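Visitor: Got a structure here, written out as structure tokens. Questions coming.
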Amino acid sequence: MPPVFEAYARVLHPAVRYAGDDDVDVRWDEVAAYNGTTAHRLMQWPAITGSWEYVGEEDQPDVWNDSPAEGHLPAHVAAALATLLAGWTTTPQECWFGWCDDAATDRPHLTLPTCDLLLRSGPITLAAANFAPEPQEQSAAVWWPADRAWFVATDPTLMSTYVGGPAGAVDALLGAPLEVHPASPDDPIGHDTDLVNPAPTRF
């Protein structure tokens, strides 16, 4: 996340609980309360659940069945985020989206240490698009408007997405129904960086 914006936010990817044929979003603070751990802006999934087995494997069926998606912003969350951010750019119909893909192509790309991001432009509604071949699901790893008013990044190893932009946009995010916390470009990230609830021991 470039350290050039007025304010930053961390959007937590929700866990999922099965309710018949429906999937219900489960907030991290709800999971922390269930496990007797502390919800805070730098919390990490293994630390609030108490086990590394809960990263993409086991579940806690009384509260959640699928852990938060790693490296993928769920489409409905991306759509809600895009709807809010659309009001904070002069170019909502002209945005850029990047996703990891090793396929040879003449498409514009952005070279990062972990992969080459293929780029495409389009309206902000593409934030909710699937950038992977079916049946896989993959959100854009980065997206931003042509006027560079804000920037959204989803690291491939994280269960949260970061947003940088105007202070008003971040304030609006913090007041939205999404589970969002204030962030800083120098925040520690990664599953083992919870400073309040220490990560459980790996075996």
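Visitor: If you check E6, E30, which single one turns out to be of a type in the set (D, E) and within 25 Å of P166 (Cβ to Cβ)?
Guide: Answer to the selection: E6.
Visitor: Take the residues of region 8-40 that are among the acidic types (D, E) and open to solvent by 70 Å² or more (accessible area, probe 1.4 Å): which is farthest from V180 (Cα to Cα)? Steps first, answer last, please.
Guide: Applying the first criterion (among the acidic types (D, E)) to region 8-40 yields 21-23, 25, 29-30.
With the extra rule that they be open to solvent by 70 Å² or more (accessible area, probe 1.4 Å), the set shrinks to 21-23, 25, 30.
Details: D21: 27, D22: 23, D23: 20, D25: 14, E30: 14 Å.
Checked region 8-40; the qualifying residue farthest from V180 (Cα to Cα) is D21.
Visitor: Follow-up question, since we're still on this one. Count, please, the residues in region 144-160 that happen to be among the aliphatic types (A, V, I, L, M), under 15 Å from the mean Cα position of the chain (by Cα) and part of a loop (DSSP other than H, G, I, E, B).
Guide: Here the count works out to 2.
Visitor: Same structure again: Looking at (1) of a type outside the set (F, W, Y); (2) open to solvent by 30 Å² or more (accessible area, probe 1.4 Å); (3) modelled with pLDDT of 95 or more, which one does D192 not meet, given that it meets all the others?
Guide: Every condition holds for D192 apart from (3).
Visitor: Only one of (1) in contact (Cβ under 8 Å) with a residue 24 or more places away in the chain; (2) over 16 Å from P14 (Cα atoms); (3) not in a loop (DSSP other than H, G, I, E, B) fails for D186. Which number is that?
Guide: That leaves (3) as the condition not met.
Visitor: Okay, moving on. Just to check your reading of the model, which residue among V163, V152, V142, V180 is touching a residue at least 60 places away in the same chain (Cβ under 8 Å), among the aliphatic types (A, V, I, L, M), open to solvent by 10 Å² or more (accessible area, probe 1.4 Å) and in contact with a strand residue (DSSP E or B) (Cβ under 6 Å, 6 or more places away or on another chain)?
Guide: V180
Visitor: Then there's this: Look through A69, A47, A82 and report the one residue that is closer than 18 Å to V196 by Cβ, outside any strand (DSSP E or B) and open to solvent by less than 50 Å² (accessible area, probe 1.4 Å).
Guide: Selected residue: A47, the only one of A69, A47, A82 that is closer than 18 Å to V196 by Cβ, outside any strand (DSSP E or B) and open to solvent by less than 50 Å² (accessible area, probe 1.4 Å).
Visitor: In region 1-24, which residues are assigned to a strand (DSSP E or B) and within 14 Å of the chain's Cα centre (by Cα)?
Guide: Within region 1-24, Y8, A9, R10, V11, L12, A15 qualify.
Visitor: Looking at (1) open to solvent by 30 Å² or more (accessible area, probe 1.4 Å); (2) under 19 Å from P182 (Cβ atoms); (3) modelled with pLDDT of 95 or more; (4) hydrophobic (A, V, I, L, M, F, W, C), find the lone condition where A75 falls short.
Guide: (2)
Visitor: A further question on this structure: Select from region 112-135 the residues that are under 17 Å from V152 (Cα atoms) and polar (S, T, N, Q) and list them in ascending order.
Guide: If the condition is that a residue be under 17 Å from V152 (Cα atoms) and polar (S, T, N, Q), then S121, T125, N130 are the ones that fit.
Visitor: Just to be sure before I move on: is L126 over 28 Å from D25 (Cα atoms), open to solvent by less than 70 Å² (accessible area, probe 1.4 Å), modelled with pLDDT of 90 or more and not in a loop (DSSP other than H, G, I, E, B) in the structure I sent?
Guide: Considered against the rule, which asks whether it is over 28 Å from D25 (Cα atoms), open to solvent by less than 70 Å² (accessible area, probe 1.4 Å), modelled with pLDDT of 90 or more and not in a loop (DSSP other than H, G, I, E, B), L126 comes out as no.
The values are calculated or read from the model by the stated rules, or taken from the named source; none is laboratory data. Computed from a predicted structure; not experimentally measured. A quick note on method: Cβ atoms are made from the backbone with ideal geometry, for glycine too, and the neighbour counts reach across all protein chains shown. Ligands, DNA and RNA are excluded from the accessible area calculation, which covers all protein heavy atoms including side chains. Shrake-Rupley method; radii C 1.70, N 1.55, O 1.52, S 1.80 Å.
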